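J.: Below is the structure I would like to discuss, written out as structure tokens.
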Amino acid sequence: MNVDKIRKDFPILQKKDPVTYFDNACNTLRPTQVMNAMNEYYEEFPACVGRSHHKLSRLATEATNNARKTIQKFIGAKKTEEIIFTRNATEGINLIANTLSFNPQSIVLSHSKEHNSNHVPWLRLQEDGVIKHETYDWSSDVFNLGKFEELMSSKVSLVTMGHTTNLDGTTIPAKEVVRIAHDYGAKVLFDSAQSVPHHEVNVKKLGVDFLAFSAHKMMGPSGIGALYINEKNFTELDTFLLGGDTVSETTQDSYSLEKPPKRYEAGLQDYAGMIGFGAAADYLKRIGLKNVEKQEQLLNKHITEALIGKVEMIGPRDSLLRGGIFNFNIGGVDSHTVAGLLDSAANIAVRSGVHCQHTWFNKKGLDGSVRASTYVYNTIDEAERFVKEINKLIKLKK
Ligand code: ALA
């Protein structure tokens, strides 16, 4: 893989003195191929999908069908019908929270490093008396399957977990989690917003019931994502938003529902977004997820070896367990101050604060942290610049 060649596809990286973009866990940069694919929709066939009988509509329908197929293949789903386009992973999780049937004894189990998106919807259901929410305390470096299984019983109806966490980049043993959960009759939902963009994820091999992810974390546009629903669960889900395209027939006082995916895609959709999402998946496929993973590991090893012992790291010391994420604090210095200085003095973009992980930070009594998150277009030179700037800040503090 040639990183310099990849960088040429990103206009923002071709500017003079380009930004060192280390905020990829929040939002990635987009290559020209993705922007071109979206522009093509607006310039060549900016029409409604599947509704109108003219050639522009046919072209738009074909392009969005192809995008769905690309996403299906990207995560190894059996059928295109199993891919529902959503606004993002958050909406996918909310869709399941609002459509799966629970009884007040139902336990929904997640872990202690969940993003708010996979935490608050379940708290809300608990508040409404719909479920009981329980948490696996993931405080060891490696997810402990024995401890997880101790929490399982026939009362657990859903295991919903961040597949790779945005806090420290650690990944759950997903296949084993699914196997154990299914042994107890529970369904499994993965928040895969931080896994699908960074390593190979195959829903068939995992055997997972539902899996949600977002395009903006994998070089695609913002405002579009996908929810995988294993077709065997279609009959167990209620409806979500209703309106145009979700129904095949209505009368004054009745309606018949379309089958998924249409049933879950109400109203006019973000067609350019779908097409851009497909182009992003194609682009990543061409690079190869193994290469993406390798580059992130290389950069994270470099940063970790240079800064370990000098900063307070969050997560395992072993960089191989943390994908592309290096999350840390410089003893007592406010995280936003560090991020602001990196930005203004060195044009390095990182995220600071609590990373939508308020619960974890509250438990630890921490105000926040500085998170550098790399992607396949980042270079060793950039990692070195970052290390140099952090060393300067450490010195300044002394
Ligand atoms: N989940 C995104 C992040 O961690 C927003 O930055």
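None of the figures in this text is laboratory data; all of them are computed from the coordinates on show. As the structure is a prediction and not an experimental result, all values here were calculated from the model. Cβ sites come from the backbone with ideal geometry, for glycine too, and all protein chains shown count toward neighbours.
J.: For L257, list long-range residues whose amide hydrogen, built 1.01 Å from N in the peptide plane, is under 5 Å from its own amide hydrogen.
T.: Result for L257 returns S248.
J.: While we're here: State the extension gain, in nm to one decimal, for the chain segment bounded by N362 and D183, taking 0.36 nm per residue of separation less the distance between their alpha-carbons. The partial results should precede the final answer.
T.: Details: separation 179, 0.36 × 179 = 64.44 nm, distance 3.36 nm.
That works out to 61.1 nm of additional length.
J.: Please report the net charge: other residues with Cβ closer than 9 Å to the Cβ of S101, K and R +1, D and E -1. Could the numbers behind the result be given before it?
T.: Details: positive: none; negative: E236, D238.
Summing Lys/Arg as +1 and Asp/Glu as -1 gives -2.
J.: Next question, about the same structure. Could you tell me the extents of region 297-377's C-alpha atoms along the three principal axes, largest first, rounded to whole Å?
T.: The Cα atoms of region 297-377 stretch 31, 29, 23 Å along their principal axes.
J.: I need the phi-derived Karplus couplings for region 21-28: 6.51 cos²θ - 1.76 cosθ + 1.60, θ = phi - 60°, integer Hz, Gly and Pro marked x.
T.: Residue by residue, region 21-28 yields 9, 10, 10, 6, 6, 8, 6, 8 Hz.
J.: Let me ask you something else. State, to one decimal in nm², a quarter of the convex hull surface area for the C-alpha atoms of region 3-67, i.e. the direction-averaged projected area. Before the final figure, lay out the partial values.
T.: Working: hull surface 24.4 nm².
Taking the Cα atoms of region 3-67, their convex hull projects to 6.1 nm² on average.
J.: On to the next question. Roughly how big is region 333-398's charge dipole about its Cα centre, with Cβ charges of +1 (Lys, Arg) and -1 (Asp, Glu), in debye to the nearest 20?
T.: 300
J.: If you don't mind, there's one more thing I want to ask. Near the amide H of K132, under 5 Å away, which other amide H atoms are found, from residues 5 or more places off or on another chain, if H is placed in the peptide plane?
T.: HN-HN under 5 Å from K132: S106, I107, V108.
J.: Turning to a different aspect of this structure: Counting only C-alpha contacts under 8 Å and six or more residues apart, can you give the relative contact order of the chain as a whole percent? Kindly include the intermediate steps, with their values, before the conclusion.
T.: Details: 757 pairs, mean separation 86.3, N = 398.
That works out to 22 percent.
J.: Pull up the DSSP beta bridges for the chain and report the antiparallel fraction as a percent, rounded to 5. All intermediate terms of the calculation are to be shown ahead of the outcome.
T.: Values: 25 of 45 bridges.
So the antiparallel bridges in the chain amount to around 55 percent.
J.: Give me, ordered by chain and number, the residues 5 or more places off T160 or on other chains with an amide H under 5 Å from its own placed amide H.
T.: Under 5 Å from the amide H of T160: L109, S110, L189.
J.: While we're on this one: What is the magnitude of the charge dipole of the chain about its Cα centre, with +1 placed on the Cβ of each Lys and Arg, -1 on the Cβ of each Asp and Glu, and no other charges, expressed in debye to the nearest 20? Mind dumping the intermediate values first?
T.: Values: 48 positive and 47 negative charges, 205 e Å.
Result for the chain is approximately 980 debye, rounded to the nearest 20.
J.: In a Gaussian network model over the chain where Cα atoms closer than 10 Å are linked, find which of I325, I308, I107 has the largest mean-square fluctuation.
T.: Maximum fluctuation in the GNM of the chain, among the listed residues, is at I308.
J.: Let me know the Kirkwood hydrodynamic radius for region 1-149, please, with Cα pairs as the basis and the value in Å to one decimal. Intermediate values should be presented prior to the final figure.
T.: Details: mean 1/r = 0.0504 Å⁻¹.
It works out to 19.8 Å.
J.: What is the Cα centroid distance between region 156-205 and region 38-56, reported in whole angstrom?
T.: Region 156-205 and region 38-56 have Cα centres separated by 36 Å.
J.: Under a GNM of the chain (C-alpha, springs under 10 Å), which listed residue has the highest mean-square fluctuation: F326, F85, F143?
T.: Comparing F326, F85, F143 in a Gaussian network model of the chain, the most mobile one is F143.
J.: Let me ask something additional. Multiplying the sequence separation of E293 and C48 by 0.36 nm and subtracting their Cα-Cα distance, what value in nm do you get? List each step's numbers first, then the result.
T.: Numbers: separation 245, 0.36 × 245 = 88.20 nm, distance 3.75 nm.
That works out to 84.5 nm of additional length.
J.: Say we join alpha carbon atoms closer than 10 Å with springs in a Gaussian network model of the chain; which of K388, K294, K16 then has the biggest fluctuation?
T.: Among K388, K294, K16, the largest GNM mean-square fluctuation belongs to K16.
J.: Roughly what % of Cα-Cα distances in region 244-298 sit above 16 Å, to the whole percent? Show your work: numbers first, answer last.
T.: Values: 942 of 1485 pairs.
Result for the distance tail: 63 percent.
J.: Taking the Cα centre of each part, how many Å lie between region 369-398 and region 224-277?
T.: 44
J.: Would you mind counting up the charge near F210? Only other residues with Cβ under 13 Å from its Cβ, with Lys and Arg at +1 and Asp and Glu at -1.
T.: So the surrounding residues net to -4.
J.: May I pose another question? Would you mind telling me the antiparallel percentage of the DSSP bridges in region 137-290, rounded to 5?
T.: Working: 10 of 18 bridges.
So the antiparallel bridges in region 137-290 amount to around 55 percent.
J.: Then there is this: What FRET efficiency would be calculated for the residue pair D4, D318, taking the C-beta separation as r and a Förster radius of 41 Å, to the nearest 0.05?
T.: Values: r = 29 Å, r/R0 = 0.70.
Computed FRET efficiency for D4 and D318 comes out at 0.90.
J.: Any idea what Rg and Dmax come out to for the chain if you just take the C-alpha atoms, in Å?
T.: 21.7, 74
J.: Let me ask you something else. Return the sequence-ordered ³J(HN,Hα) values of region 262-270 in whole Hz as given by the Karplus equation 6.51 cos²θ - 1.76 cosθ + 1.60 applied to θ = phi - 60°, using x for Gly and Pro.
T.: Karplus values, whole Hz, x for Gly and Pro: 4, 3, 10, 10, 7, x, 5, 9, 7.
J.: Another question, if that's okay. Rank the residues F328, F234 as a footprinting-exposure proxy: fewest other Cβ atoms within 10 Å of their Cβ go first. Don't jump to the answer; show the numbers that get you there.
T.: Values: F328 23, F234 14.
Taking fewest neighbouring Cβ atoms as first place, the list is F234, F328.
J.: Quick one: give the max-minus-min coordinate of the C-alpha atoms of region 128-196 along each principal axis, largest first, in Å.
T.: Principal axes ranked by extent give 30, 28, 21 Å for the Cα atoms.
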